[in-house]
Amino acid sequence: VSADFTSARFLGFGMPASAGVPNLGKPAVLIEPPGAAEVAHRVALAQGAGAGLLARSALHGLIDILAVTATDAVVLLDEHSYPISTWAAHATKKGAEVITYRHHDADHVRRLVKAFRRRAVVLADAWCAGCLRAVPLAQLAEITASAGARLVLDDSLAFGVLGRDGCGTPGWAGVSHDSLLWVASGAKAYGAAVAVVTGPRRDVARNASLGPNRMHSSPAPASEIATLGAAIGDRHLPARRRRLAANTRSLRDGLACLGLRTLGGPLPVIAIDVVDGVAAALHSGLRRRGVQSLLVRSACSGRSLLTFCVRADHTDEDITDALEAVSHVLRRAA
Ligand SMILES: Cc1ncc(COP(=O)(O)O)c(C=O)c1O
């Protein structure tokens, strides 16, 4: 091509030189950004899914899936979904009918799916960020498959961490990817702000050509795609995952030794189950001692949880410091 008039890089800028890979300034529906197809394919392959596609974020991926899949559908949404699922459900072109089901209640989903059969699209977070429990995935997969309905899963918390090669919650739970539409952010385990969508080949192809964000939003940035590609190809990944599991175990066991009940296994996110006042006191007490934690309002329990996100690069000293700080603050509060 000698004259290309499809890019909107009006002032002729590419990417900053440091990033090394150019953004094309063209919608993904015209051309996949550099590296996108390979990275998506590798994730899909590891899962045994039919095909994969990259999206700018989990929200973009979910909107595209629902816009393409849920025309004339009824979206069944967990009452305590992560906010982006709710936004995506309401962003479909004509505004799909959205009905909420009780938190993690497979029997409720079964009754609703029975009423709408093939028109039902069940949307679920693989893990609830509020109570850190897994969705009853095997049951939802069985309910949707037997009714010819669709199951759409946001697996952002477990992608890269759970399952063989970090393939995610379905692999970890022994649930097939055959008819799942799966979305996950790469921003957590892999530190790459880009999302992956996988699913049956036909659905992914329809998504690739009809997903509204593929036409109307900027594609996933090439630099983030390169970051994700490098992370999933990192030869130290097995060692990183082992170290993450060991750190998670150490912190959880240490907290148990202090007499604290924790939520969250097997994710590397650990919440201390204490009353709100104690959670807030721990949070500020830890911060004063140089230990940063999160005080998370759990939508499903209505409580505040003191939460630790554990990482593979935490040192033994980091874990010990956190435990000593918790112990110190609890002793002072007693
Ligand atoms: C369940 C879930 N989905 C999606 C996201 C965000 O996705 P992204 O990084 O693609 O914006 C988060 C971030 O906390 C999350 O917990």
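Where a number appears in this text, it was derived from the coordinates with a stated rule and is not lab data. Everything numeric in this text was worked out from a predicted model, so none of it was measured. We place every Cβ from the backbone using ideal geometry, glycine too, and count neighbours over all the protein chains shown.
Using 0.36 nm times the number of residues separating residue 72 and residue 205, minus their current alpha carbon distance, what extension gain do you get? The partial results should precede the final answer.
On the way: separation 133, 0.36 × 133 = 47.88 nm, distance 1.96 nm.
So the chain would gain 45.9 nm between residue 72 and residue 205.
Per-residue 3J(HN,Hα) values for region 325-331, derived from phi via the Karplus relation 6.51 cos²θ - 1.76 cosθ + 1.60 with θ = phi - 60°, read 5, 4, 4, 4, 5, 5, 4 Hz in sequence order (x marks Gly and Pro). The residues neighbouring residue 313, those whose beta-carbon lies less than 15 Å from its own, together hold a net charge of +1 under the Lys/Arg +1, Asp/Glu -1 convention. Over the residues of the chain, the helix contribution to mean residue ellipticity at 222 nm works out to -12500 deg cm²/dmol, using -39500 (n - 2.57) for each DSSP H run of at least 4.
Near residue 132, no amide H atom lies under 5 Å from its own; only residues 5 or more places off or on other chains count, and H is placed 1.01 Å from N. In plain terms, the residue of 328, 60 with the fewest other Cβ atoms within 10 Å comes first and the most crowded comes last, giving 328, 60. Scaling the Cα radius of gyration of the chain by the globular reference 2.2 N^0.38 Å produces a ratio of 1.06. Extension gain for residue 99-residue 117 works out to 5.1 nm (0.36 nm per residue, less the C-alpha to C-alpha distance). Quotient of the Cα radius of gyration of region 221-334 and 2.2 N^0.38 Å, N being its number of residues: 1.20. Each listed q (0.21 Å⁻¹) maps to a log10 I(q)/I(0) for region 163-253, found by the Debye formula over equal Cα scatterers with no solvent: -1.20. Reducing region 30-75 and region 115-194 to their Cα centroids gives an inter-centroid distance of 13 Å. Among residues other than residue 36 with Cβ under 13 Å from its Cβ, the summed charge is +1 (Lys and Arg +1, Asp and Glu -1).
Expressed as a rounded percentage, what relative contact order does region 123-230 have, with Cα pairs under 8 Å and six or more residues apart? Walk me through the numbers before you get to the answer.
Working: 165 pairs, mean separation 20.7, N = 108.
After rounding, I find 19 percent.
Inter-label distance, residue 309 to residue 3: 4.9 nm, where each label sits 7 Å from its Cα along the C-beta direction.
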